[in-house]
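Worksheet: one structure, shown below.
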Amino acid sequence: MRGTEVKRGRRTADVVLIGAWLAGSAACGPEILESGGSSDTGTGGTMAPPAATVTTSPPPPPPPDATTIGPLDTGEFDTGAPWLDLPEDCSSIEQDCPPGYKCMPYANDGSNTWNDRTCMPVVDDPQGVGEPCTVQGSAVSGLDDCDATSMCWNVLPETNEGVCAAFCVAPEEDPGCAEPCQTCIISVEGLLPLCFLSCDPVAQDCSDGQACYPWLDAFGCIPDASGRQGGIGEPCEFTNGCSVGTICVDQAQVPDCGGFGCCVPTCSVGGEDPCPSLLPGTECVPWFEDEPPIPLSCFMTEPGACLAP
């Protein structure tokens, strides 16, 4: 199965670690610095598109059967007995479960991270993508009230409430997203294929405490861990080690960079170039060297970075 797919931006420092934001993905992907100053490699990692919170107490319910579903049980399957004739495996991208069910990642052993997938019932009158949702048991139970195209994400353990995030869409060999401004992120050994909206590195349209940094083919909202460091021209080692409005790039792209990578300002391509005054020896260079992975219309302006010409 597939681990987290990490595609570094062409101008991003090789040493910059893009992220282990999804629970269980740390063994497959690089690290991201937490706001407290330590790197996160645990199974309760965060991701901001959006941050995942996985509770460890109480443990999730056992694998589903006719007696544990409770109010989420949609009734009997076509054999006349609940939960019969369901496939042993399924695809959250292809969504190949029988009508009334959806393929969901879940924890089959009472742990606090996803390790399997199965067909789960879709509730009557489900919540849609972007709408508030509720899970039953825990964030990794696989039981929620989202529709067949999404799962409950960013779940708070205190309330079991989150937001419905869309699954990536078929085909399995080249998944994408239904919305053009979203990026398909596959993690947890291929069990978790979700679509998240790309942020704007110039507009910096992320929530408080987060910043828009390069991630995969586009940009993502990640907790800002720069603290008192990460100013313009200062050394950096982590993607989110630069202050809001700056990004970490390879030392070769920054004049007089004293580290493996250094923080440079973002800029609007085609507008008045602020780079020579912000970071002498640089100019505003388009971030996307080739065809952008998402339409440029998804951004306020074409994003760029202050780099050595």
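Quick notes
- Computed across the stretch 226-307, the Kirkwood hydrodynamic radius from all distinct Cα-Cα pairs reaches 12.9 Å.
- Each Lys or Arg adds one and each Asp or Glu subtracts one; over the other residues with Cβ under 12 Å from the Cβ of Leu296, this totals -3.
- Fully extending the segment from Val244 to Asn115 would add 42.9 nm, taking 0.36 nm per residue of separation and subtracting the current Cα-Cα distance.
- Cα gyration tensor shape of the stretch 176-251, rounded if a/c is under 1.5, else prolate or oblate by comparing a/b with b/c: prolate
- Computed lengthening from Glu283 to Glu158, 0.36 nm per intervening residue step minus Cα-Cα distance: 40.2 nm
- Mean separation of Cα contacts under 8 Å, 6 or more apart, over the residue count of the stretch 226-307: relative contact order %: 26 percent
- Least to most buried among Arg117, Arg228 (fewest other Cβ within 10 Å first): Arg228, Arg117
- For the pair Ser207 and Asn108, label points projected 7 Å from Cα toward Cβ lie 3.2 nm apart.
- Positive minus negative residues near Val244 (Lys, Arg vs Asp, Glu; Cβ under 15 Å): -4
- A cut-off under 11 angstrom between Cβ atoms defines the neighbours of Ser150, and their net charge, with Lys, Arg +1 and Asp, Glu -1, is -3.
- Rounded if a/c under 1.5, otherwise prolate or oblate - the stretch 114-254, Cα gyration tensor axes: prolate
- Of Gly233, Pro276, Gln251, farthest towards positive along the dipole that unit charges on Lys, Arg, Asp, Glu beta carbons give the stretch 226-307: Gly233
- Remark on the stretch 181-223: Rg and Dmax equal 11.0, 33 Å (Cα only).
Since every read-out is calculated from the coordinates, none of them should be taken as a lab result. Bear in mind that the values here come from a model prediction, so they are computed numbers and not experimental data. With ideal geometry, Cβ positions are generated from the backbone for all residues, glycine too; neighbour counts draw on all protein chains shown.
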